[in-house]
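Reading through the C-alpha cells given below for one structure.
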Protein chains: 6
Amino acid sequence: MRILIINPNSDLEMTAAIQRSADNFANGELDVVCKPTPGAPEFIETYEDQIRAAPGMIQLVRENEREFDAFIVACHCDPNLDVMKEITRKPVIGIGEASVKIASMLGHRFSVVSTAKHSIPNKEALIRKYHLQDLLASVRAPENETATASDEEKYLQAARSALEEDMAEVIVLGCAGMAGLDKRLEEKLGAPVLDGVTCALIIAAGLIKYGVSTSKIRRYNPEC
Amino acid sequence: MRILIINPNSDLEMTAAIQRSADNFANGELDVVCKPTPGAPEFIETYEDQIRAAPGMIQLVRENEREFDAFIVACHCDPNLDVMKEITRKPVIGIGEASVKIASMLGHRFSVVSTAKHSIPNKEALIRKYHLQDLLASVRAPENETATASDEEKYLQAARSALEEDMAEVIVLGCAGMAGLDKRLEEKLGAPVLDGVTCALIIAAGLIKYGVSTSKIRRYNPEC
Amino acid sequence: MRILIINPNSDLEMTAAIQRSADNFANGELDVVCKPTPGAPEFIETYEDQIRAAPGMIQLVRENEREFDAFIVACHCDPNLDVMKEITRKPVIGIGEASVKIASMLGHRFSVVSTAKHSIPNKEALIRKYHLQDLLASVRAPENETATASDEEKYLQAARSALEEDMAEVIVLGCAGMAGLDKRLEEKLGAPVLDGVTCALIIAAGLIKYGVSTSKIRRYNPEC
Amino acid sequence: MRILIINPNSDLEMTAAIQRSADNFANGELDVVCKPTPGAPEFIETYEDQIRAAPGMIQLVRENEREFDAFIVACHCDPNLDVMKEITRKPVIGIGEASVKIASMLGHRFSVVSTAKHSIPNKEALIRKYHLQDLLASVRAPENETATASDEEKYLQAARSALEEDMAEVIVLGCAGMAGLDKRLEEKLGAPVLDGVTCALIIAAGLIKYGVSTSKIRRYNPEC
Amino acid sequence: MRILIINPNSDLEMTAAIQRSADNFANGELDVVCKPTPGAPEFIETYEDQIRAAPGMIQLVRENEREFDAFIVACHCDPNLDVMKEITRKPVIGIGEASVKIASMLGHRFSVVSTAKHSIPNKEALIRKYHLQDLLASVRAPENETATASDEEKYLQAARSALEEDMAEVIVLGCAGMAGLDKRLEEKLGAPVLDGVTCALIIAAGLIKYGVSTSKIRRYNPEC
Amino acid sequence: MRILIINPNSDLEMTAAIQRSADNFANGELDVVCKPTPGAPEFIETYEDQIRAAPGMIQLVRENEREFDAFIVACHCDPNLDVMKEITRKPVIGIGEASVKIASMLGHRFSVVSTAKHSIPNKEALIRKYHLQDLLASVRAPENETATASDEEKYLQAARSALEEDMAEVIVLGCAGMAGLDKRLEEKLGAPVLDGVTCALIIAAGLIKYGVSTSKIRRYNPEC
C-alpha cells in the first residue's frame, strides 16, 4: 500500500517535517512518500500561490499514478483538490477535508487554529464548501499582542480560547507545517487536536484497503 | 488493535454476516469481534427497538472496555450513539455516521439505499443531524411494484434510480444487514457503493492508531 | 380533558413543583396529573440518564393511555420524545419543543437559560433538531463568578445578558425545575419568559380539543 | 377570554364561515368574534390586496384593543402580521404561522394545500420567513386537468399526492376559506389536516391564559 | 433613460439629499428624479410607517409609469418592495436589495451600519429574505456611549468595529439618509462603503439598457 | 470607461461572438474588448481546463491592468475568479456570479440552462458558493432524446421545463457561448432570460462609475 503525499509548496524543510510525521503514523505499515511540488512557491498563502502550484501537482499525480495507490494533498486549504480528484481514478484526499470531517465525529463543534488572520475568510469558505460551517466554532489565529511568545505558545493560546470562549470541543491544526504539534497541544488542552496529514492518511489507507475511490459518474469524470 | 462491533439487535445470523464482512476487510491486520446485543430485539426498526437495545449496548461497552480499543455501532440508524460516546473514553463510531461522511469525500452527492419506505424520514433526520442534508441526493427504498425481484435486484434498481434520476454519485447501503452487497452492486453500477461497517472500521482503526478519541470537554463528558 | 405530565426523573420534589405550576395554569379547567418516572434517575443530566428513564416513561404511557388524552414530557431536553410519539396515538408534547416554538412566535430571537454550561451543546443540538437554530440568540448558563448569588439571581443575570448582549427578545427557561420562575423573571426583565410545562399544556390541551394527534403515516408509526 | 378574528378581506360569507368554524372549536368556552376588514378587497390574492387590507386591519386592532384579549389574522398568507404585532401589546397570531408551527410538532414534514399555483412562491417565502422551509414537503395546488371535480375533491387529491409523492405526513390547509374541510379530509386521508384558524385559536387562547404576549424589547416596539 | 427614485417618506430635505447624490452618480448620463411619497410619514422607522407609505408609493408608480423606465425604492428596509414589483412591468429595485447583493461581490462578508439598535432585527430579517444571512458579518448601530460624537463619527466607529471585530470586508450604509457619506467613510476605512441609492441606480440603469424586468411568470403577476 | 472581457478559452469564434454581444449592449457608450486567453484550452469543460486557463488569465490582467478599468471573466463556471480578484485592485466580475445575483432580483427562483448534464454538479457547487442555492429552481441540460433538434431548440425546451415543472421564474444562460440567445428565448418563453456577459457588463460598468472595487481588507489582499 503506497501513498504519495503531495506537499503543494516547494519547501524542502516542510516536506521533511511532513514525511517525519507521516512515517511516525505509518509505523512501518504503510509506505508513505512526501514530495514537494516542482515549480510551486515556497509557501501557499494566496490564491495565486495555489494556481502556481497546480501544474506541478498535476504532474506529480500523472508521473506517480502507477506506483502509488492514493494521493494526499498536504496543504490545509486543499488547493486544487477538485482537479486532483478529476485527473486520476486513484483516491485523492485533502488534509483540510479529512481533518474537519474526522473532527466532526469527535465532538460537538471544532475550531481551526490557523497561522494568520488573513487566512480566516478562506478557511471559512473551505469549511462551508464541505457543508460543515454549522459545526465550526471558530477559526482562530494568534493575536498580534502575544508577539513575543513562540509559535507553539501562540497556537496553544488560540486553541485554548477556542475551547473556552467559542465552545469548541475539538481542535484542527490549520497548516501542514504544524505537523508534530498535535500531541503536545492535546496534552496541554485535554481535548483532541487533529493534524491534517494524519487524518488524510487514515482515510487514504482505508479507501485503498476497501478498494473504493472517487466516483467517476459525473462531477469528477473529465470524459463523461 | 481490537475493535468490538456491537450489533444492536440480537440476531445471530446478521451478527455472523457482519463478522464475515468485517473479517474480510480486516484481512488479519485488525482483531475484530462482532457481538449481538443481549436483550435487544431481533431487528431494529422502530424508535422503541432502539430504546430496547440501549441497556444491552451499554452493558457491552462497559464489560468490554478494557479489552477493546474502539467500538462500532453496527446499525445504520446509529441507535444510542450519543450515549455510547458519553460512557467511554475509547472511540465509538456509528456506521451511519462513518458511511455518509466518507461518501461526502467521494462525489458530489450521495444516496442512501434503505430497506423500506417507512425508514426514509428517520434516515433523513439522521443525515441532517450530521449536517450533510444538502449532500443527500435521496433516500431510496425499493418500490412495491418490483415485488417479485430478489432483495439484491431491488436494491440495485433503487441505487440505479438514485444515480440516474436523483443525480447521486455515491451509494450508501442503509442497513448493516446488506453486508457483502457493496462490491456486487458497485460492479454493476460503476459508482462507489459503501458498506457502513467497513467505513466505520476505517475510521475506528485510524483513530486507535492515531490515539485520539471523543472529546471529553463538554458534550460527551458525563462528569463535567 | 385529562393530561398526564411525565416527569422523566424520579424526584418527588420536582414532580410536586411541576404539579403546582401546572395546576396554577390549569386553573380547574384542565385535569392535569404529574407523575415521576419509575426507575429513572433523580435528575436527567446525561445521555445515559435519558436512556435510563426510557423504560419507565414507556411504561407510564402504556399504563395510562386509556385514562389520559395527551402526554407531556417534562424535561427540557425532550428525552425519548420520538419513541413517546411512536408508541401512542394520543398527542405527546415535549416541553423543549413547545417552548421554543411558542417563543418563535413572540419575538425576533429567543435565548434559552440553562442550568449549566455542560448542557449548552445538547440544547443547541435539540433546537437544531427543531430547525430553529437561526432563531436561537444563545443558550446561556450562569457564570461561575456569580457563585454567591441565589439560583434565581444567576438565571436573571443570564437572561439579562441574553437580552442585552445576544439580542434575544424572548427567554425560554431551560429546565422543568425552574417552574414558577417565569413570572418573577418576566417582571424584572420586561420581556416574555416561557416555562416549558405551561407551553406544552397550551399545545396539548389545544390538540385534544381539536382532535388531532401525531401523524401515523410513516415516521411515528411502528407498524407501517 | 375574548378573541377577535380579523378576516383581512371584506367578504361576509367567508367571515361567516370562519365564525362558524371558530364557534365550533370554541365550544362555548371562548368568546370569539370574526370581523371582515373595512375597506379591504373581497379576496386577498396579490401583494396589493394585502396592502389595501392594512388600514382596515390596523383600525380593527385599535378600535377593539380594550375589549379583546388577543387578535388572529385569518388569511393564510399572514398579511401585515408584523405591523399587527407592533401596534398592540395584546397577542397577535397569524393562521399561517400557527398552522405550520403546530404541523411541525405532528410529523416529519408537512405540505400546504393551496388554492392556486400562482400562490406557491408566496407560500414558500412565508414558510421560509418562519424558518421551517426544510420541514416543508411541498406546496400543492389543484392541477388544471381535474377541472371537473369539486373544490373539495381537488384539494383531497392534492393532499393525497403530497402524502404519497412528496413524503408529507401532515397537511396544512392554505386558505382560511377552506374552513370546515379539515375533518372531512382527515378522515379520508388518515393523516392530520390542520385548519389555520383553529391552530391560531389554540395558541391565542393559550397565550391569554398564560399572560404572555409579543416581546416589546426591540423588533415589535415602535417606541424603543 | 429615466429613473424615478421613490423616497418612501415625505421629508423634503432627505429627498433633496438623495437627488443630489443620485445626480452626482448620474453625471448627466441618466435622467434621475427623486420624489417624496405623498401621505407618507416623515421618517420610516416602524412597520406601521411602512404601511402608511404604501398607498403613496403605489400612486407614484401608477402616475409615473409611462414617463419613467424604472423605479427605485429609496429606503434601506425596502418597504413594500414586493407590491412595487407586482404592480408594474418596469424594473423596480430596492436600495437594500441592490446594496447587499453588490456587497456580496466585493468581499468575503459585509456589515450594515444602521441608525439605531432598534432596527437591527428588521435588517437581519431583510437580509435573510435575500438569502444572504451567511454573508452578513453584522448589523452595527452606534453605541450610546459615544453620544457626544457627530453622526458621521459614530457611523465611522461602527463601521470600523465591523471591519476589525466582526471580520467584515465591505460596509453597507443602512439608511438612504446617509447619502454622501460613502466616499468620506471609504477614504478613512480603506474598504468599500456602499450607498444603497447608487447601487440601485447601477442595477436599474443596467436593466433598462438590457431590456429585462421583473418576471411576470407567477410571483409578481397579479393576473395569473 | 474601458472593460476587458477575458474569454478563458482560446477559441476565436466564441471570442468574436462575445465581442459582438458585448458591443451590442455597450451601444457605443462603453469601450469593451474581448480577448481569448493565451495558452488556454479551446473549451473550458473540466477542472483541468480551468487550471490550464489560469496562467494566461493572470497574464491578461497583469498586461492590461493600466489600460482597462475593470475585468470580466466570461465563462459561466467563473474559473479562477478568486485569484483574479486577488491580483488586481480593479473590479473583476464573473459572468456566473453577476447573472445569478441579477436573476435573484427579478423573480422568485431561477434556473440555469447548461450545455451538458455533466456540468450540473459543478454549477450547483458554484451557486452554493454564492449562497444562492435556495433560490436555484434547477440546473437543466438538454435531454439526449431530443437529439435531432437544434441547440437553440434544446435550450428552449430545457428552459420551458424549468419554468413549468421546476417553478423557475427567471432563466440564466449557463455558458458564454450562448451569447445572443437571450432575447430570442425570452420572446418565446415570456420570462426574463439572462446572458452572463451582459449582466457582468452592468455590474462592471456600474462599479467603475461608482469608483468601488474588491475589498483589499483581507480575503483578496495578497499582501496583508
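The values are calculated or read from the model by the stated rules, or taken from the named source; none is laboratory data. The structure presented is a predicted model; accordingly, all values stated were derived computationally and were not measured. So basically every Cβ, Gly included, is an ideal-geometry build from the backbone, and we count neighbours across all protein chains shown. Side chains included, ligands, DNA and RNA excluded: accessible areas come from the protein's heavy atoms. Shrake-Rupley method; radii C 1.70, N 1.55, O 1.52, S 1.80 Å.
Remarks
- Tallying residues that are within 21 Å of F:I58 (Cα to Cα), of a type in the set (A, V, I, L, M) and open to solvent by less than 20 Å² (accessible area, probe 1.4 Å) within the stretch F:24-39 yields 1.
- Counting the residues of the stretch B:1-46 that are of a type in the set (S, T, Y), without any contact (Cβ under 8 Å) to a residue 24 or more places away in the chain and not in a loop (DSSP other than H, G, I, E, B) gives 1.
- Screening the candidates F:A74, F:A141 for the property of being under 18 Å from F:L156 (Cβ atoms) and of a type outside the set (K, R) yields one hit, F:A141.
- Scanning the stretch A:157-169 for residues that are touching a helix residue (DSSP H, G or I) at 6+ places or on another chain (Cβ under 8 Å) and closer than 24 Å to A:I44 by Cβ yields one hit, A:A159.
- The stretch F:42-53, residues that are away from chain A (no Cβ under 11 Å) and touching a Ser or Thr at 6+ places or on another chain (Cβ under 8 Å): F:E42
- Among (1) part of a helix (DSSP H, G or I); (2) within 8 Å of another protein chain (Cβ to nearest Cβ); (3) free of Cβ contacts under 8 Å to residues at least 60 places away in the same chain; (4) open to solvent by 40 Å² or more (accessible area, probe 1.4 Å) - the single one B:G206 does not satisfy: (4)
- Some residue of the stretch B:81-92 being modelled with pLDDT of 95 or more and surrounded by fewer than 19 Cβ atoms within 10 Å (Cβ to Cβ): yes
- Within the stretch F:212-222, the presence of at least one residue that is crowded, with 24+ Cβ neighbours inside 10 Å, under 25 Å from E:A168 (Cα atoms) and among the basic types (K, R) is confirmed.
- Flag for D:A204 being among the small types (G, A, S), in contact with a strand residue (DSSP E or B) (Cβ under 7 Å, 6 or more places away or on another chain) and under 30 Å from C:S21 (Cβ atoms): yes
- Residues in the stretch B:106-141 that are open to solvent by less than 20 Å² (accessible area, probe 1.4 Å) and among the charged types (D, E, K, R): B:K123 alone.
- Residues of the stretch F:69-93 that are in contact (Cβ under 8 Å) with a residue 24 or more places away in the chain, within 14 Å of chain A (Cβ to nearest Cβ) and within 13 Å of the chain's Cα centre (by Cα): F:V73, F:C77, F:D78, F:P79, F:N80, F:V92.
- Check on A:A103, open to solvent by less than 10 Å² (accessible area, probe 1.4 Å), of a type in the set (G, A, S) and on the phi < 0 side of the Ramachandran plot: yes
- Of the strands (runs of 3 or more DSSP E) lying entirely inside the stretch B:94-192, not one carries at least 3 residues that are more than 12 Å from chain A (Cβ to nearest Cβ), free of Cβ contacts under 8 Å to residues at least 60 places away in the same chain and more than 19 Å from the chain's Cα centre (by Cα).
- Residue within the stretch D:158-175 that is under 20 Å from D:N80 (Cα atoms) and touching a strand residue (DSSP E or B) at 6+ places or on another chain (Cβ under 7 Å) present: yes
- The stretch C:57-68 - residue that is crowded, with 19+ Cβ neighbours inside 10 Å and assigned to a helix (DSSP H, G or I) and, of those, nearest to the chain's Cα centre (by Cα): C:M57
- Within the stretch F:69-89, the residues that satisfy the criterion of being over 18 Å from F:V100 (Cα atoms) and in a loop (DSSP other than H, G, I, E, B) are F:D69, F:T88, F:R89.
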